[in-house]
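**Student:** My questions will all concern the structure given below.
Laboratory data are not the source of any read-out in this text; all were calculated from the coordinates shown. None of these values were measured; they are calculated from a predicted model. Counting neighbours? That spans all protein chains shown, and the Cβs are built from the backbone with ideal geometry, glycine included.
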Amino acid sequence: MAQDTVNDSKAPLLTHLCELRSRLLYCLAFFLCVFGVSYYFSVEIYQFLQQPLAAQFDGTHPRRMIYTGLQEAFFTYMKVAFFSALFFSIPLMLIQVWRFLSPGMYQHEKKGMLPLFLMTPVLFVAGAALAFYVVMPVAWEFFMSFETTGADNTIRVELEAKVSEYLSLVIKLILAFGICFELPVFLLVLAKARLITAQTLRHYRRHAIVIIFLLAAFITPPDLISQIALGTPIILLYELSVWLVAMGETKANNSQLAPSDSVGS
């Protein structure tokens, strides 16, 4: 009888582990397929990532990007394919995580967590778009302002960017902005775990603003416009988080008061 009880207790765990393995394999297979497709189009993807830099060239003479190692271009395109595959695989991974966790949740927990799963890729894409279409053109214009024309018998100073260094900088900015834009999700998770409250966020608002701009100064290129372009949206997202946490607390309090009101009546 004891052995049967032990076997019965192990069965659900083994079932969950098998389900988790199948979902991980499904995500891995999808990632590898997207990686192969991304590598096939890696040149076109890299050319798309070059657009903020190409827009800064005046077109008066041909420009080029260089690589100084025999394997540098190959590994650069491999990196392009890897991050492209990761970018397109993240939504599927989140869906698989949700399908794995949702059967063990109560209905009110599902209603609370589903918006967080939906917000995660949307906020990341919003941050990446801000970095690519707003911050990079401004930052590249600032960096290219240090070029000199070589007049009066002086040597011309001209940018010849390395393909690997340019890609690393682009990926760094996209990831930094995308992750920073996940602030509301992070704060809402802490609020649901009862680690913070809306009053706590309001109390430390000034400290948060200072930390946000210090982080923006560390992440972005050394120009004021880029720092403001990152810091301002994050402050707005912080204020949005305060409002969402407060609204969630209000709903939770109302749901707790409703049964007692009905009993009293």
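**Student:** Report the full-extension gain for the segment CYS33 to THR197: residue separation times 0.36 nm, less the Cα-Cα distance, to one decimal in nm.
**Tutor:** 54.7 nm
**Student:** On a 0 to 90° scale, report how tilted helix 224-264 is relative to the longest principal axis of the chain, with both axes built from alpha carbons and the result rounded to the nearest 10.
**Tutor:** Roughly 10 degrees between the two axes.
**Student:** Quick check: net charge around ARG99, other residues with Cβ under 11 Å of its Cβ, Lys/Arg +1 and Asp/Glu -1?
**Tutor:** Spelling it out: positives minus negatives among the neighbours equals 0.
**Student:** Ok, one more. Under the definition of Cα pairs under 8 Å and six or more residues apart, what whole-number percent is the relative contact order of segment 6-156?
**Tutor:** Reported as a whole number, the value is 32 percent.
**Student:** Could you go through segment 119-125 in sequence order and give the Karplus-derived ³J(HN,Hα) for each residue, using 6.51 cos²θ - 1.76 cosθ + 1.60 with θ = phi - 60°, rounded to whole Hz, and x for Gly and Pro?
**Tutor:** Values, residue by residue: 6, 4, x, 5, 5, 5, 5 Hz.
**Student:** Tell me, how many Å apart are the Cα centres for segment 35-56 and for segment 87-151?
**Tutor:** Segment 35-56 and segment 87-151 have Cα centres spaced 19 Å from each other.
**Student:** What relative contact order, as a whole-number percentage, does the chain give when Cα pairs under 8 Å and 6 or more residues apart are counted?
**Tutor:** Result for the chain is 20 percent.
**Student:** For the chain, just list the percent of Cα-Cα distances falling in each 5 Å bin from zero outward, please.
**Tutor:** 1, 5, 9, 11, 12, 12, 12, 11, 9, 6, 4, 3, 2, 1, 1, 0, 0, 0, 0, 0
**Student:** How far is it, in nm, from the label point at THR68 to the one at PHE41 when both lie 7 Å from their Cα along the line to the Cβ?
**Tutor:** Reported label-point gap for THR68 and PHE41 is 3.3 nm.
**Student:** Separate question: Tell me the mean residue ellipticity at 222 nm calculated for the chain from its helices only (DSSP H runs of n ≥ 4, each -39500 (n - 2.57), averaged over every residue, nearest 500).
**Tutor:** -26000 deg cm²/dmol
**Student:** For segment 16-143, what mean projected area does the convex hull of the alpha carbons give, in nm²?
**Tutor:** 10.8 nm²
**Student:** Let me ask you something else. Based on the mean of other Cβ atoms within 10 Å per residue, sort peptides 229-236, 13-20 so the most packed one is first.
**Tutor:** 229-236, 13-20
**Student:** Just to verify a number: FRET efficiency for GLN50 and LEU214, C-beta to C-beta distance, R0 = 30 Å, to 0.05?
**Tutor:** My answer for the efficiency is 0.45.
**Student:** Amide H neighbours of LYS162 under 5 Å, at least 5 residues apart or on other chains, H built in the peptide plane: list them.
**Tutor:** Sorted by chain and number, the residues that satisfy this are ILE66.
**Student:** Would you mind giving the three semi-axes, in whole Å and largest first, of the ellipsoid equivalent to segment 114-265 according to its Cα gyration tensor?
**Tutor:** With the √(5λ) rule applied to segment 114-265, the semi-axes are 46, 15, 10 Å.
**Student:** Residue by residue through segment 164-173, which ³J(HN,Hα) values in whole Hz follow from phi under the Karplus form 6.51 cos²θ - 1.76 cosθ + 1.60 (θ = phi - 60°), with glycine and proline marked x?
**Tutor:** Working through the residues one at a time gives 6, 5, 5, 5, 4, 5, 4, 5, 4, 5 Hz.
**Student:** So if we plug the beta-carbon distance of ASN254 and PHE100 into 1/(1 + (r/R0)^6) with R0 = 51 Å, what FRET efficiency do we get, rounded to 0.05?
**Tutor:** Once the sixth-power term is evaluated, E becomes 0.95.
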